[in-house]
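Q: The structure follows.
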Amino acid sequence: MHEIFPALDVDRIRDFPADLGAFDPESLVVRYSFTREEHNAALRGIPESDELPDHIKTVVHETTHLLHTTTTPFGLLIYRLRCQQTYLVADAIRTIRARGADIRFPLQKTFRSFPKNLAHEVEQRIQVWYGIELLILVMMGENEVWPAHILSNPYLKGITLAELFGRVQHYLAVHQSRQQDLSALEPEEADSRHTGVEGTLLAFDILSGGANTLGIVESAGTISEYFGNTKLNLVQFEAVIRNSRWASTTVPKSWLIQAFGRVRASSLAEFVLSYLVLCELALFAPILPEHRPLRKGGINTREILPFLRWYDLLHAASEILPMKSLADYERYTTAVCEKAGLIPPKDVVTASVESSPQMPSDPVERRYWKAQRVRSESPGAFMNYPFIIARLPMDFDFPVITYKDRTLFLKDKLTLHLFVLGYLTRALVRRMLLRSDLAVKMPYQPTEEETAFYTGELTKLLEDALGYRVPGVSLS
């Protein structure tokens, strides 16, 4: 295990970069390399342009990432798993203190020095943490980690993707039922079985073939930049994509090229809408514990992994008339999912709404909760780019937007505080497991007053949660 853990990224999921901006899916903070006034000037230029100005393309691109992260089951699953990892490390620390042992970081290197029984208790929690980490990495598209970890680490040696998903669903369901007392989340035998893609070696073949979730989210961000474009027709757009070069990644190009021969569009507008919907559907699997009744016959890997879903959806789209407008969302999504043998988003939305009648207090959970209620009344609402470009509602906006010349914050200061403090807590507790120093970077460039404030808030929160004042905590 010691050879595996140092390879894990202490900063977790990488940013989604664009030419003029970058979105952090962990903190939900966006950074732009232009000024606020340049943004406003670009907005004023939209009515006179036959395509979005470059600055607005960047805003639309990063906002697409934000909405994928906060309004889809995939995004919420990743968040819940991060929270459970935080709980596991905190619980390990409380266990160590209850046994009277000294705590030294990083726990992944020091826990074996504890007495045998205590070391075993801590290791059980680390083992679950590790299983969650590996599932997140694979589902996000860090596919190169799978062969190395699955062959070398004794915790999960030889496990299949479906089996790992089943274990993690069990951990998540138990944790949530303990926190929320929801008996409906108790795992059933169905989540201990799996169907579809089976076997560790076959998983190697799938994951080494270039399939990854990054391709979905990045190509969706790219295609969103062409929403409302009247400068190009579909043939011209395909030529632009085929002749394009990306400085940081070729992912959008390779995935879009595959779609040109599948999506039955006769115009650029139809292609853009249809492709955006297919990407959203790839992230709209019934993968939360409350969706378990929708997963019939056990766990099907092709149903739960976004990149496998995308391939099936793209193949199905070749037989379905394309999206004509936002009003066409439910017709198109239902038809494509039926052809692909997948659960349509309307059923996933219904299950989410019915499972949680009360609005959650957690800010990320609350965004998802609100989003599903919006979707239940207006299924294509989060593809209404003219509305999104003009003014994204505060309920779904970035908590922090960093421009070249200034930083803007969410007007709801309590929600902003919960977003920032929650991110810092998860980041710091992760370091307690993986690193010896407890220095965490703020998700934006803070003032001295903000640094001092959040250092105090974080120190107090940890003291309340862990039962002692953690030394060495610092923010920058």
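The values are calculated or read from the model by the stated rules, or taken from the named source; none is laboratory data. Predicted, not measured: the structure shown is a model, and the values here were computed from it. All Cβ positions, even for glycine, are placed from backbone atoms using ideal geometry, and neighbour counts span all protein chains on display. Heads up: the accessible areas ignore ligands, DNA and RNA and are worked out on the full protein's heavy atoms, side chains in. Shrake-Rupley method; radii C 1.70, N 1.55, O 1.52, S 1.80 Å.
Q: Using the Karplus equation 6.51 cos²θ - 1.76 cosθ + 1.60 (θ = phi - 60°), what ³J(HN,Hα) coupling, rounded to whole Hz, does each residue of segment 279-294 give in order, writing x for Gly and Pro?
A: Ordered by residue, 3J(HN,Hα) equals 5, 5, 4, 4, 9, 10, 6, x, 10, 8, x, 6, 8, 3, x, 7 Hz.
Q: Please state the relative contact order of segment 219-331 as a whole percent: Cα pairs under 8 Å, 6+ residues apart? Let's see the in-between values first.
A: Numbers: 103 pairs, mean separation 35.5, N = 113.
So the answer I get is 31 percent.
Q: Only sites in a loop by DSSP and with at most 16 other Cβ atoms within 10 Å count here; which trypsin sites (Lys or Arg not before Pro) in segment 328-428 make the cut? Please report the intermediate quantities before stating the final value.
A: Values: sites: Arg331, Lys339, Lys346, Arg366, Arg367, Lys370, Arg373, Arg375, Arg391, Lys404, Arg406, Lys411, Lys413, Arg426; in loops: Arg391, Lys404, Arg406, Lys411.
Answer in residue order: Arg391, Lys404, Arg406, Lys411.
Q: Further, regarding this structure: Probe of 1.4 angstrom, ligands and nucleic acids ignored: what's the accessible area per residue over segment 291-437, in square angstrom? Could the numbers behind the result be given before it?
A: Numbers: 6220 Å² over 147 residues.
Spelled out: the 1.4 Å probe surface of segment 291-437, per residue, equals 42 Å².
Q: In whole percent, how big is the carbon plus sulfur part of the accessible area of segment 262-374, probe 1.4 Å, protein atoms only? Walk me through the numbers before you get to the answer.
A: Details: 2120 of 3940 Å².
Carbon with sulfur: 54 percent of the solvent-accessible area.
Q: Could I ask something else about it? As a test of reading the structure, rank Asp54, Asp397 by solvent-accessible area (1.4 Å probe, protein chains only), most first.
A: On the way: Asp54 105, Asp397 35 Å².
Result of the area sort, largest leading: Asp54, Asp397.
Q: Further, regarding this structure: Students often get this wrong, so check it: of Lys253/Lys339; Lys324/Lys411; Lys346/Lys441; Lys57/Lys324; Lys231/Lys413; Lys296/Lys370, which have C-alpha atoms separated by over 32 Å?
A: Working: Lys253/Lys339 26 Å; Lys324/Lys411 36 Å; Lys346/Lys441 39 Å; Lys57/Lys324 22 Å; Lys231/Lys413 41 Å; Lys296/Lys370 27 Å.
In this structure, Lys324/Lys411; Lys346/Lys441; Lys231/Lys413 exceed 32 Å between Cα atoms.
Q: Something else: Just to check I understand the Karplus step: with θ = phi - 60° and J = 6.51 cos²θ - 1.76 cosθ + 1.60, what whole-Hz values come out for segment 212-228, glycine and proline as x?
A: Values, residue by residue: 7, 6, 4, x, 5, 5, 6, 5, 5, x, 5, 5, 5, 5, 9, 5, x Hz.
Q: How many percent of the accessible area of segment 418-476 is carbon or sulfur, using a 1.4 Å probe? List each step's numbers first, then the result.
A: Numbers: 1460 of 2690 Å².
Using a 1.4 Å probe with all protein chains present, segment 418-476 comes out at 54 percent carbon and sulfur.
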